[in-house]
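The values are calculated or read from the model by the stated rules, or taken from the named source; none is laboratory data. Small disclaimer: the values here were computed from a predicted structure and weren't measured. Methodologically, a virtual Cβ is constructed for each residue, glycine included, from the backbone with ideal geometry; neighbour enumeration extends over all protein chains shown.
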Amino acid sequence: MKYSVIDISSSSLSFIVADVDGGSAEVIFKDRITLSLTQYMEGKSLSARGTEKLISAINAAKQKCTALGVEKAYLIATAALRQIDNFGEVHDAAAQATGMMIKLIDGKAEGRFDLMANSGYATYDRAVLIDIGGASIEICDFADPSEEGTKFLKFGIFDLNRKFVDDIQPTEDEAKKIKKYVKKKLAEAELPKDGAYSTVVLVGATNNAVYDVYADYAKTEGEEKRIDIKQFKKLSAHLTGDPGRSALVLKSAPERIYMLTTAAVVLNAIFKRFRPENVVVSDRGVKEGYLRFILENGEGEEYNFEGEPHEKSQPAPVKRGRKPTGKKPKSETRPDGAPKRKYVRKKKQDESVAGKEQSAPENADVQTEGDAVDGAKE
Amino acid sequence: MKVGILTSGGDCPGLNSVIRAIGKHLINNSPETEIYGITDGYAGLIDGEFRRMSAEDFSGILNVGGTILGTSRRPFKQMTLPENGTTRLEKMVENYKKFGFDCIFTLGGAGTHKTAALLFAEGCRIIGLPKTIDNDIFGTDTTFGFHSALDIATECIDRIHTTAASHGRTMFVEIMGNKVGWLTLYAGIAGGADIILIPEIPFNLEKVAEALKRRIEGGKPFNIVAVAEGAVLDSEVNFKKKERAFARRTLNEATVTNHLAQWVSDNVGVETRVVVPGHIQRGGNPSAYDRLLSTRLGSFAAQLCLDGKFGVTAAIVNGQITYNALTEVAGKTKFVPADSQVIRAARDIGISFGD
């Protein structure tokens, strides 16, 4: 059976299509539709034009899913829609036009899903996961994927831009202020430093966009996405001061022109604190993690491609901020009748899992067998 | 408020109509606004060449082709190259700020939009308008200039029919469109072409020959083939642009149209001629449709400025004037989709695409 998870962010609508067989899923298709929601804001509300563009993007994704034989799809959104004042209206309009319900994911859930999707990196020595979002920055220690091991800085790129940036991109001075602010916040959060983490795993759309610009700047080659910190520092300096910086961003990530330089400055500050040996970029994140969560919990506001769309004809009740409950499910079985998995809090690295997990980051599979990460259920 | 208007890239009918609409809208709705024409496109912004415009400048130009502001081509790639210690981009931004502009309207095609996005990223307030006879700007159903060129290209094909029929010739009409086939496709259908060759559908010489022979065997002694400038032989589909140009040069051919005409002459045994309307397609006065579209787009863009909405480009979508973010449009090309209804209709009435 094919499932899809569609994610609305501030600069794109991205989706994955996965072949689901029992409890496991293999991602077979990924795509992205540019959608600069930031450009369609009127104050803190999404404009009518923005809502039209959103609906058009959702419908385009649906069309692709239909062509690929998807049977169930899930539509999620993070900070981009979480923060708008008129989410209710936007949600209703989108539900009316597309038949799909938008599920808002909060920062903590995002963190959990990111970890679930990247559990393979848990076998790396002293690895930490970082996702830079519009409204928060999450820093998750793979060695302690519980809530205690996950830090959320309660500001993101949007907040930094609002506070420090006058125009579209920060100037050199503005970048210095951002860096100072982030440095202070990292210290206040009592995050480890100076080699405490050996590997930084960057996830999320913004980090991936930063990587695309970095890859162009540093002329990197090869399949594995790695960042050299010294080169990254040069990129960050280029983005905050040099002519040609805008052309570089517009070439690789035009829809992220508002966020990219600020994100690079933030990452620089984080690298300076952690001083990791390795920085890798994963292209798996919330969508893959959410899919895994769905398969394991049987929850989620699904859209069925077979027959009538789910709840299409009714004005959809606004369901905001519905977090993954983390509660023990009422039923011990999934909707398809298979027993649900039980979770064990991971204390040590499991040697028998390590070999399998090592290969997980190499491809886009969402693998649930053998994983024992507590995240969704506590 | 101080606003500037510039027209950049290739000229086309409709530019003056847009300039007029912007000017009149601002004069009627915000009379204190100072409107400046920037001479010769981005060259004017680089060199600081502006002139104050008054109500008289916007009169009598609705139906005038070309652009009263002049235009030039300043490739996007060259905007950030170092030149005497600075770059063209830096000069433009400096002039924008020094002169105190509150907004610049950029009327242009894909390349102009890329530079517009660059200027916006550097803090300039920009509103774009989609100009091209190619109709290849992403995010808008139609660009101004397209319909005027379509009328011209269609008339060319119309007129070729009589001479083709009289002489029993196969006429190849080369239509503008280096990357996309909108103009060739629409003009081909509207003009009654028998074969239409567009860049999006690589063509095979044998298939073209088959289509021609079918018509001849069916009793039609002449053929009309509409060929886009950028039409691609299926044998050259993996060639880069330079490699294709090289292939043409080695055979002393100007374009693929010449290559095709020569091959048909040699292999199908019919008399062929090549007709290249060229820049006639850009010239002349805008059609009624383009005057209307340009007026709607220009007025809408002026209102966007008054509403403080920048970093966007005006568009027409499903008959309504709207806007798209510059960052969503810049660098993207709107190709003719393979499953286009228009292509389907053309095939269903027997037009061959050489594939």
Quiz item: Residue check: is B:E90 within 14 Å of chain A (Cβ to nearest Cβ), more than 30 Å from B:I189 (Cα to Cα) and without any contact (Cβ under 8 Å) to a residue 40 or more places away in the chain?
Solution: yes
Self-check item: Selected residue (only one of B:T162, B:T143, B:T154 is within 20 Å of B:N285 (Cβ to Cβ), of a type outside the set (D, E, K, R) and surrounded by fewer than 24 Cβ atoms within 10 Å (Cβ to Cβ))
Solution: B:T154
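May I ask you to list the residues in segment A:202-261 that are within 14 Å of another protein chain (Cβ to nearest Cβ) and of a type in the set (G, A, S)?
Going residue by residue through segment A:202-261, those that are within 14 Å of another protein chain (Cβ to nearest Cβ) are A:209, A:212-213, A:216-217, A:238-261.
Within segment A:202-261, A:A209, A:G241, A:G244, A:S246, A:A247, A:S252, A:A253 meet the criteria.
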Quiz item: Pick from segment B:64-109 the residues that are closer than 25 Å to B:R282 by Cα and among the small types (G, A, S): which of them is farthest from the chain's Cα centre (by Cα)?
Solution: B:G70
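Would a scan of segment A:167-176 turn up a residue that is within 17 Å of A:R112 (Cβ to Cβ) and among the acidic types (D, E)?
Going residue by residue through segment A:167-176, those that are within 17 Å of A:R112 (Cβ to Cβ) are none.
Checked against the condition, which is being within 17 Å of A:R112 (Cβ to Cβ) and among the acidic types (D, E), segment A:167-176 yields no hits at all.
Any chance segment B:319-336 includes a residue that's loosely packed, with under 11 Cβ neighbours inside 10 Å, at pLDDT 95 or above and either in the same structural domain as B:A110 (by TED's automatic domain parsing) or touching a Gly at 6+ places or on another chain (Cβ under 6 Å) (or both)? Lay out the reasoning, then the answer.
Residues of segment B:319-336 loosely packed, with under 11 Cβ neighbours inside 10 Å: B:319.
With the extra rule that they be at pLDDT 95 or above, the set shrinks to B:319.
Restricting the remaining residues to those that are either in the same structural domain as B:A110 (by TED's automatic domain parsing) or touching a Gly at 6+ places or on another chain (Cβ under 6 Å) (or both) gives B:319.
Taking every residue of segment B:319-336 in turn, at least one turns out to be loosely packed, with under 11 Cβ neighbours inside 10 Å, at pLDDT 95 or above and either in the same structural domain as B:A110 (by TED's automatic domain parsing) or touching a Gly at 6+ places or on another chain (Cβ under 6 Å) (or both).
Please verify whether segment B:58-69 includes one or more residues that are away from chain A (no Cβ under 14 Å), farther than 28 Å from A:K251 by Cα, outside any loop (DSSP other than H, G, I, E, B) and at pLDDT 95 or above. Break it down into steps so the answer makes sense when it comes.
Going through segment B:58-69, the residues away from chain A (no Cβ under 14 Å) turn out to be B:58-69.
So of that shortlist, the ones also farther than 28 Å from A:K251 by Cα come out as B:58-69.
With the extra rule that they be outside any loop (DSSP other than H, G, I, E, B), the set shrinks to B:58.
Checking the rest, the ones that are also at pLDDT 95 or above come to B:58.
Among the residues of segment B:58-69, at least one is away from chain A (no Cβ under 14 Å), farther than 28 Å from A:K251 by Cα, outside any loop (DSSP other than H, G, I, E, B) and at pLDDT 95 or above, which makes the answer yes.
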Practice problem: Using the structure shown, decide if B:I201 is closer than 19 Å to B:S166 by Cα, β-branched (V, I, T) and surrounded by fewer than 24 Cβ atoms within 10 Å (Cβ to Cβ). | Solution: no
Quiz item: Given the structure, is B:R73 assigned to a loop (DSSP other than H, G, I, E, B), among the charged types (D, E, K, R) and surrounded by fewer than 18 Cβ atoms within 10 Å (Cβ to Cβ)?
Solution: yes
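Here are some residues: A:L235, A:L250, A:L239, A:L267. Which one is surrounded by 21 or more Cβ atoms within 10 Å (Cβ to Cβ), more than 15 Å from A:N207 (Cβ to Cβ) and hydrophobic (A, V, I, L, M, F, W, C)? Break it down into steps so the answer makes sense when it comes.
Numbers: A:L235 fails: more than 15 Å from A:N207 (Cβ to Cβ); A:L239 fails: more than 15 Å from A:N207 (Cβ to Cβ); A:L267 fails: more than 15 Å from A:N207 (Cβ to Cβ).
Only one candidate passes the filter, namely A:L250.
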Exercise. Give the number of residues within segment A:13-25 that are crowded, with 17+ Cβ neighbours inside 10 Å and either assigned to a loop (DSSP other than H, G, I, E, B) or free of Cβ contacts under 8 Å to residues at least 12 places away in the same chain (or both).
Key: 1
Quiz item: Wholly within segment B:143-254, which strands (runs of 3 or more DSSP E) include no fewer than the required count, namely at least 3 residues that are in contact with a helix residue (DSSP H, G or I) (Cβ under 7 Å, 6 or more places away or on another chain)?
Solution: B:170-175, B:223-228
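Does any residue of segment B:115-130 turn out to be touching a helix residue (DSSP H, G or I) at 6+ places or on another chain (Cβ under 9 Å), more than 13 Å from every other protein chain (Cβ to nearest Cβ) and not aromatic (F, W, Y)?
Within segment B:115-130, one or more residues are touching a helix residue (DSSP H, G or I) at 6+ places or on another chain (Cβ under 9 Å), more than 13 Å from every other protein chain (Cβ to nearest Cβ) and not aromatic (F, W, Y).
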Quiz item: Is one or more of the residues making up segment A:37-47 surrounded by fewer than 16 Cβ atoms within 10 Å (Cβ to Cβ), closer than 22 Å to A:M1 by Cα and not basic (K, R)?
Solution: no
Self-check item: Sole exception among (1) touching a strand residue (DSSP E or B) at 6+ places or on another chain (Cβ under 6 Å); (2) farther than 23 Å from B:G308 by Cα; (3) touching a residue at least 60 places away in the same chain (Cβ under 8 Å) for B:V18, by number
Solution: (2)
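Here is a list: A:I28, A:I33. Which entry is of a type outside the set (D, E), within 12 Å of another protein chain (Cβ to nearest Cβ) and either part of a strand (DSSP E or B) or surrounded by fewer than 22 Cβ atoms within 10 Å (Cβ to Cβ) (or both)?
Working: A:I28 fails: within 12 Å of another protein chain (Cβ to nearest Cβ).
Of A:I28, A:I33, the one residue that is of a type outside the set (D, E), within 12 Å of another protein chain (Cβ to nearest Cβ) and either part of a strand (DSSP E or B) or surrounded by fewer than 22 Cβ atoms within 10 Å (Cβ to Cβ) (or both) is A:I33.
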Quiz item: Can you tell me which of B:G354, B:G284, B:G311 is at positive phi, surrounded by 15 or more Cβ atoms within 10 Å (Cβ to Cβ) and within 14 Å of chain A (Cβ to nearest Cβ)?
Solution: B:G311
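Table: residues versus (1) touching a residue at least 12 places away in the same chain (Cβ under 8 Å); (2) surrounded by fewer than 19 Cβ atoms within 10 Å (Cβ to Cβ).
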{"position": "A:E110", "(1), (2)": "yes, no"}
{"position": "A:A122", "(1), (2)": "yes, no"}
{"position": "A:D125", "(1), (2)": "yes, yes"}
{"position": "A:L129", "(1), (2)": "yes, no"}
{"position": "A:E138", "(1), (2)": "yes, no"}
{"position": "A:G149", "(1), (2)": "no, yes"}
{"position": "A:K177", "(1), (2)": "yes, yes"}
{"position": "A:L191", "(1), (2)": "yes, yes"}
Self-check item: Lone qualifier among A:M1, A:M101, A:M41 - being of a type in the set (A, V, I, L, M) and within 13 Å of chain B (Cβ to nearest Cβ)
Solution: A:M41
